[in-house]
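Peer 1: Quick one: the structure is below, questions incoming.
The values are calculated or read from the model by the stated rules, or taken from the named source; none is laboratory data. Predicted model only: the values in this text are computed from it and were never measured. When we count neighbours, we look across all protein chains shown, and the Cβ atoms used for this are built from the backbone with ideal geometry, even at glycine. Protein only, heavy atoms only, side chains kept; ligands, DNA and RNA dropped before computing areas. Shrake-Rupley method; radii C 1.70, N 1.55, O 1.52, S 1.80 Å.
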Amino acid sequence: MERNDYKLDAPKLLRDFLVYHETIQGHSKKTVDEYYLDLRNFFRYIKLERNLVPRTTELEQIPIDDLDLELARSVTLSDVYSYMSYLSRDRAKHANSPSSGFGLEPSARARKIAAIRSFYKYLSSKAKLIAENPMQDLDAPRLKKTLPRYLSLDESIQLLESVDEPNRARDYCILTLFLNCGLRISELVGLNLTDVREEQLRVLGKGNKERMIFLNGACRAALDDWLTERSQSAAVDRNALFLTRRHTRMTTDAVHYMVKQRLKKAGLDASLYSSHKLRHTAATLMLQNGVDVRTLQEVLGHENLNTTQIYTHVDNAELRMAASATPLSKVRRKKQSQTGNQSIGDLGGGENSGG
């Protein structure tokens with residue numbers, strides 16, 4: 001089995017870049033690990049294409065501990081596009097599955113492009129190891145824009161009203177926070193008792209960025225019910241806000257499972273929805289009820305406004321009003337008379353409304 005700890009395995013050139021992202025940029029360990037895996041795979045491909053290893057070598061077996069600045073500097077845009085072609089045609093979707101299909105989705109390829117682009121930006125702009133950034137004009141794959149799936153207001157109420165024992169207070173509180181505050185699942189499982197501060201909730205988001213979320217009456221009531229029950233539990237993790245039946249901190253897997261079970265209990269299609277879809281639901285309901293997109297950006301903890309703006313396409317009442325505002329919105333095709341001589345074009349008036 002391959003080790004994936006960049007601090008132990010990565011060559012110095014990559015390790016310095018990854019340390020910069022983890023310590024200075026404040027990216028999470030998961031993000032940095034993904035950068036490492038993406039860059040490792042890329043330079044394995046480059047070594048194979050440059051005949052620096054025998055052509056019969058399996059990509060996963062190519063070492064990159066000898067990666068140096070000379071090789072990194074020699075990479076061109078053409079090399080990257082060749083690598084993208086390999087990923088889209090020949091790369092197994094699931095490397096460890098014998099029945100895997102081939103060709104990564106555009107979103108997966110885009111993530112790898114982002115890692116390569118970030119690495120070369122670091123070499124040129126931060127470390128000053130190369131004079132020019134060869135990836136300055138690197139294009140990412142076009143991504144198909146899809147609207148986020150979400151529960152309607154009635155379905156959200158249906159979900160909450162269906163929560164019963166066991167673990168009613170805990171599960172109701174979790175679902176209430178998802179649907180009202182739009183938390184990420186990683187943020188929810190990371191919550192501690194000390195993060196509940198009267199009418200506010202301290203949330204530690206991506207990149208260890210802290211934000212404060214105001215708690216409405218429903219959230220505060222649900223938290224009070226759960227905290228009363230929790231205070232009677234001998235918690236293994238004394239800090240954790242949400243506990244399992246074994247009194248340990250709830251994991252993301254445990255919350256995922258709980259949400260799926262509660263969706264089924266409510267008669268909703270659990271295959272279509274998840275804890276992340278509840279975050280989408282919170283965002284959509286806020287926008288539908290007058291919250292502006294920049295405020296929503298703060299609530300959700302999005303670094304980029306573009307990430308938040310996807311929700312504006314889901315159900316934009318102002319766009320609907322604009323479509324109805326034109327005077328032509330009342331025009332209807334006249335039904336043809338029995339004589340066949342009646343014209344088309346009616347502004348919705350009475351019998352004498354002209355034509």
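Peer 1: What are the residues whose amide H is under 5 Å from the amide H of Asn192, where those residues sit 5 or more places off or on another chain and H is modelled from the backbone?
Peer 2: Here Leu241 satisfy the definition.
Peer 1: At 7 Å along the Cα-to-beta-carbon direction for both Lys264 and Ala114, put a label point, then send me their distance in nm to one decimal.
Peer 2: With each label placed 7 Å out from Cα toward Cβ, I get 3.3 nm.
Peer 1: Per residue, what accessible area does the range 162-259 have, given a 1.4 Å probe and all protein chains present, in Å²? Present the calculation step by step, with values, prior to reporting the outcome.
Peer 2: Numbers: 5020 Å² over 98 residues.
Accessible surface, normalised per residue, equals 51 Å².
Peer 1: How would you classify the range 235-301 from its alpha-carbon gyration tensor, with a ≥ b ≥ c the square roots of the eigenvalues: rounded for a/c under 1.5, else prolate if a/b is greater than b/c, otherwise oblate?
Peer 2: On the way: a/c = 3.40, a/b = 1.44, b/c = 2.36.
Judged from the Cα gyration tensor, the range 235-301 comes out oblate (a/c at least 1.5, b/c at or above a/b).
Peer 1: Under the classification rounded if a/c is under 1.5, otherwise prolate if a/b is larger than b/c and oblate if not, where does the range 189-296 fall, given a ≥ b ≥ c as square roots of the Cα gyration tensor eigenvalues?
Peer 2: Details: a/c = 1.71, a/b = 1.17, b/c = 1.46.
Oblate shape, in that a/c is at least 1.5 and b/c is the bigger or equal ratio.
Peer 1: Could I ask something else about it? Apply the Karplus parameterisation 6.51 cos²θ - 1.76 cosθ + 1.60, with θ equal to phi minus 60°, to every residue of the range 148-154 and state each ³J(HN,Hα) to the nearest whole Hz, in sequence, with x for glycine and proline.
Peer 2: Each residue of the range 148-154 in turn: x, 7, 8, 7, 6, 4, 5 Hz.
Peer 1: Sticking with this one: Which residues' amide hydrogens lie under 5 Å from the amide hydrogen of Gly205, considering only partners 5 or more residues apart or on another chain, with H built in the peptide plane?
Peer 2: Excluding prolines and chain starts, which carry no amide H, the hits are Glu210, Arg211.
Peer 1: Working out 0.36 nm times the residue gap between Asn216 and Glu199, then minus their Cα-Cα distance, what length gain in nm do you get to one decimal? Working shown, then result.
Peer 2: Details: separation 17, 0.36 × 17 = 6.12 nm, distance 0.74 nm.
Contour length minus the Cα-Cα distance gives 5.4 nm.
Peer 1: Next up: Multiply the residue separation of Gln158 and Gln232 by 0.36 nm, subtract the distance between their alpha-carbon atoms, and state the gained length in nm to one decimal.
Peer 2: Working: separation 74, 0.36 × 74 = 26.64 nm, distance 2.91 nm.
My answer for the length gained is 23.7 nm.
Peer 1: Could you compute the FRET efficiency for Ser28 and Thr57, with r as their C-beta to C-beta distance and R0 at 56 Å, rounded to 0.05? List each step's numbers first, then the result.
Peer 2: Working: r = 32 Å, r/R0 = 0.58.
The value I calculate is 0.95.
Peer 1: Using a 10 Å cut-off on Cβ atoms, rank the peptides 268-280, 113-125, 167-179, 204-216 from the highest mean neighbour count down. Please report the intermediate quantities before stating the final value.
Peer 2: Numbers: 268-280: 16.8, 113-125: 18.8, 167-179: 22.2, 204-216: 14.4.
Ranking, from highest mean packing down: 167-179, 113-125, 268-280, 204-216.
Peer 1: Still on this structure, I have one more. With viscosity set to 0.890 mPa s and temperature to 25 °C, compute the Stokes-Einstein D of the range 125-205, Rh being the Kirkwood radius across alpha carbon pairs; µm²/s, no decimals.
Peer 2: On the way: Rh = 17.1 Å.
Reported coefficient: 143 µm²/s.
Peer 1: Additional query: Could you list which residues have their amide H under 5 Å from that of Ala127, counting only those 5 or more apart in sequence or on another chain, with H placed in the peptide plane?
Peer 2: none
Peer 1: Might you tell me the accessible area per residue for the range 26-91, computed with a 1.4 Å probe and given in Å²? Walk me through the numbers before you get to the answer.
Peer 2: On the way: 3450 Å² over 66 residues.
Result: 52 Å² per residue.
Peer 1: Here is a further query. How would you classify the range 40-82 from its alpha-carbon gyration tensor, with a ≥ b ≥ c the square roots of the eigenvalues: rounded for a/c under 1.5, else prolate if a/b is greater than b/c, otherwise oblate?
Peer 2: Details: a/c = 1.84, a/b = 1.30, b/c = 1.41.
Oblate, because a/c is 1.5 or more while a/b does not exceed b/c.
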